[in-house]
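Peer 1: I have a structure I would like to understand better, so I am pasting it below and will then ask my questions one at a time.
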Amino acid sequence: MTAQTYWSELAWLNGTPEPGVLLATAPDGLITRVVPGTPAPPAGAVTLRGLTLPGLANAHSHAFHRALRSTVQVGAGTFWTWRSTMYDAAGRLTPDTCYLIARAAYAEMALAGVTCVGEFHYVHHQPGGIPYGDPNVMAQALTAAAAEAGIRLTLLDTCYLAAGFGRAPERAQLRFADASAEDWAARAAALRGNATTRVGAAIHSVRAVPADALATVAAWAAEREAPLHVHLSEQPSENADCLAAHGLTPAALLDAHGALGPRTTAVHATHLTDEDIALLGRTGTAVCLCPTTEADLGDGIGPAARLRAAGSPLCLGSDSHAVIDLLAEARALELHQRLAGRSRGHFTAGQLLGAASEYGHAALGWPEAGRLEPGATADFTTVALDSVRTAGPPARLAPEAAVFAATAADVRHTVVAGRHIVRDGHHQLLPDVPGELARAVRAVREQR
């Protein structure tokens, strides 16, 4: 890496769109200088036309779900019928096809302005549950895929032990499951990060990790000061089953075993009681909403505004990748609250951008990212302000144009660690991302 200077036509600094901003980056991938009021690009600077934002953080991804796009839009059903199709795709994955679909999906994310992704990784073993010779080969495929796509990765290695409360894993789930929480912890301990990859932990759900194993996963993450993520109350049946088994809601059960707190992110958190909302806020537990997936699966609308008011930081993920568009996720966060409450203005554009960037990075264990300031990671993205969707508003309303009108198609530039990954809408490392996606999806579907 070499030092590079970028000049942004407009940049979002401390919640305000500022014109003419110079961003100097160092070989170590950090921002060294931010100089607003620079009227023209200095000699040698790379020009970024549009609104430059901190890089977007996709805090919840299952990369192989990208192979399901459109296929699962045929017919009707519920989350549970969708899950059967997902299990079929999971059963077809190999280390090679996992790498191909992840690399293509991560490249699509880069094109959408995503500079960091949290991969909630649970397909660990061979079909039937037999470990690979290298028990972490699937995780290594994901790490390699992110590196080649040019984005940061937080690998959230997921503990998965059961099919439900008191139920052994079903056949389709065997390749997700370790023999015990201790076996999961030993396998996960062998994972290593690098300059652009960090390792965290995940509890798949209270359905999939028995109560007596929750503390093992929480302690593993705590010892490493690593992020801990968990699917929480995505379905009403999860709540009912947990109450029947333990007399507690899933949130209360996690809290009883030390699994909530500032390093924990609850994913979805759609069906919560008033007490759950207060508990998550009181413990400083973050919440990752995935509005396009939650809508696509018919899961429901989570209490996002109430969670924020209670004290939970909010972030965003594209989850099943029905679309990969963090701007759409941010927009849907507000619009879903409008539909649920029949009123407008639950979140400002600035708050939604914070969820899409700074708070997502924090949830993924990158607290130095998500801001345009000296010492922060040199990760940023530029949204066009001259497309048919964004043209017209004055510069002071550029954040509103980006959140409430722009789409991933309006992303023009993505810079990660000072490296220009997407330039003028073209991925510099993988020139044919649509072709990569088509080939990867075909490889997953044709695998037997």
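The values are calculated or read from the model by the stated rules, or taken from the named source; none is laboratory data. Given the structure is predicted, the values throughout are model-derived calculations rather than measurements. Every residue, glycine among them, receives a Cβ derived from its backbone with ideal geometry; neighbour counts consider all protein chains shown. Surface accessibility is based on the protein's heavy atoms, side chains included, excluding ligands, DNA and RNA. Shrake-Rupley method; radii C 1.70, N 1.55, O 1.52, S 1.80 Å.
Peer 1: Being open to solvent by less than 10 Å² (accessible area, probe 1.4 Å) and touching a Pro at 6+ places or on another chain (Cβ under 8 Å): is that true of TYR132 here?
Peer 2: When the stated conditions are applied, TYR132 does not pass them.
Peer 1: How many residues does segment 135-172 contain that are out of contact with any Lys or Arg (no Cβ under 9 Å at 6 or more places or on another chain), touching a residue at least 60 places away in the same chain (Cβ under 8 Å) and open to solvent by 50 Å² or more (accessible area, probe 1.4 Å)?
Peer 2: 1
Peer 1: Follow-up question, since we're still on this one. Here are PRO27, PRO54: which of them is touching a residue at least 40 places away in the same chain (Cβ under 8 Å), within 20 Å of GLU368 (Cα to Cα), open to solvent by less than 10 Å² (accessible area, probe 1.4 Å) and of a type outside the set (Phe, Trp, Tyr)?
Peer 2: Criteria check complete, one pass: PRO54.
Peer 1: Which of the residues that make up segment 216-252 are of a type in the set (Gly, Ala, Ser), over 14 Å from GLY164 (Cα atoms) and touching a strand residue (DSSP E or B) at 6+ places or on another chain (Cβ under 9 Å)?
Peer 2: Passing the criteria: ALA218, ALA221, ALA222, ALA226, ALA251.
Peer 1: Open to solvent by 10 Å² or more (accessible area, probe 1.4 Å) and within 30 Å of ALA24 (Cβ to Cβ) - does that describe any residue in segment 326-340?
Peer 2: no
Peer 1: While we're on this one: So, in segment 86-110, of the ones that are crowded, with 24+ Cβ neighbours inside 10 Å and among the small types (Gly, Ala, Ser), which residue ends up farthest from THR382 (Cα to Cα)?
Peer 2: ALA102
Peer 1: Kindly list the number of the only condition in (1) touching a strand residue (DSSP E or B) at 6+ places or on another chain (Cβ under 8 Å); (2) closer than 16 Å to PHE380 by Cβ that fails for ASN14.
Peer 2: All conditions pass for ASN14, except number (1).
Peer 1: While we're looking at this one, here's another question. Could you pull out the residue among ALA202, ALA222, ALA211 that is open to solvent by 10 Å² or more (accessible area, probe 1.4 Å), within 20 Å of ALA252 (Cα to Cα) and under 22 Å from the mean Cα position of the chain (by Cα)?
Peer 2: None of the other options fit; the residue is ALA222.
Peer 1: Right, another one. So how many residues does segment 410-448 have that are free of Cβ contacts under 8 Å to residues at least 40 places away in the same chain, open to solvent by 20 Å² or more (accessible area, probe 1.4 Å) and in a helix (DSSP H, G or I)?
Peer 2: Residues that pass the stated criteria total 4.
Peer 1: While we're here: Within the group ALA384, ALA362, ALA406, ALA355, which residue is open to solvent by less than 10 Å² (accessible area, probe 1.4 Å), closer than 28 Å to GLY311 by Cα and at pLDDT 95 or above?
Peer 2: After ruling out the rest, the residue left standing is ALA355.
Peer 1: Of (1) surrounded by 24 or more Cβ atoms within 10 Å (Cβ to Cβ); (2) more than 23 Å from GLY370 (Cβ to Cβ), GLY113 satisfies all except one. Which?
Peer 2: Condition not satisfied by GLY113: (2).
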